[in-house]
Amino acid sequence: MKEEKKEVVNEANALDALFDANNNANITLYNEKDEPVEFEQIAIIPLNDRVYAILKPTADVEGVADDEAFVFEVVEDEENGDSLRLVEDDKVIDAVFADYNKLLDEQDDED
């Protein structure tokens with residue numbers, strides 16, 4: 001059986017891909033060492049007048065379990081362009097995942 005290769009979107013187009021409902025391509029972002037890290041798109045979560053993206057690394061990341069994902073905040077910046085910023089505040093992360101799980105539960109109830 002031939003494995004299907006998923007399209008990957010680079011960082012410059014990451015936000016466009018995230019907000020395109022028809023685009024579920026993986027996204028490549030760069031870490032603090034300027035190394036590429038590929039992520040699977042999980043969800044976009046609007047919460048408290050902000051927008052967050054849940055992204056799961058497609059390859060092993062040191063210190064991150066296989067079932068863990070990261071929360072990024074969409075940062076709007078007219079001067080430098082919009083970007084994604086890793087969220088490190090546990091309260092925000094918990095709130096984003098709580099909202100995501102609530103959406104999953106609602107979807108299960110509809111099915």
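The values are calculated or read from the model by the stated rules, or taken from the named source; none is laboratory data. Everything quoted here is computed from the prediction, not taken from an experiment. Every residue, glycine among them, receives a Cβ derived from its backbone with ideal geometry; neighbour counts consider all protein chains shown.
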Can you confirm whether D82 is in contact with a strand residue (DSSP E or B) (Cβ under 8 Å, 6 or more places away or on another chain), at pLDDT below 85 and loosely packed, with under 12 Cβ neighbours inside 10 Å?
no
Taking the conditions exactly as written (of a type in the set (D, E, K, R), at pLDDT 90 or above and either exposed (fewer than 10 other Cβ atoms within 10 Å of the Cβ) or more than 21 Å from Q107 (Cβ to Cβ) (or both)), does E88 satisfy them or not?
yes
So is A59 of a type in the set (G, A, S) and out of contact with any Asp or Glu (no Cβ under 7 Å at 6 or more places or on another chain) or not?
no
Pull up segment 1-50, narrow it to residues that are assigned to a helix (DSSP H, G or I) and not aliphatic (A, V, I, L, M), then point me to the one that is modelled with the lowest pLDDT.
E11
Can you report the number of residues in segment 16-60 which are among the charged types (D, E, K, R) and under 11 Å from V71 (Cα atoms)?
1
With respect to V64, determine if the residue is aliphatic (A, V, I, L, M), out of contact with any Lys or Arg (no Cβ under 8 Å at 6 or more places or on another chain) and surrounded by 15 or more Cβ atoms within 10 Å (Cβ to Cβ).
no
Kindly indicate which of I44, I27 is touching a Phe, Trp or Tyr at 6+ places or on another chain (Cβ under 6 Å) and not hydroxyl-bearing (S, T, Y).
I27
Just to be sure, is A95 small (G, A, S), within 16 Å of L29 (Cβ to Cβ) and in contact with a strand residue (DSSP E or B) (Cβ under 8 Å, 6 or more places away or on another chain)?
no
Quick one: what pairs do we get from segment 51-67, first residue more than 22 Å from N101 (Cβ to Cβ), second exposed (fewer than 10 other Cβ atoms within 10 Å of the Cβ), C-beta under 8 Å, 6+ apart or different chains?
D60/D66
Contacts under 8 angstrom Cβ, first residue in segment 77-106 being charged (D, E, K, R), partner in a loop (DSSP other than H, G, I, E, B), 6 or more apart:
D82/E76
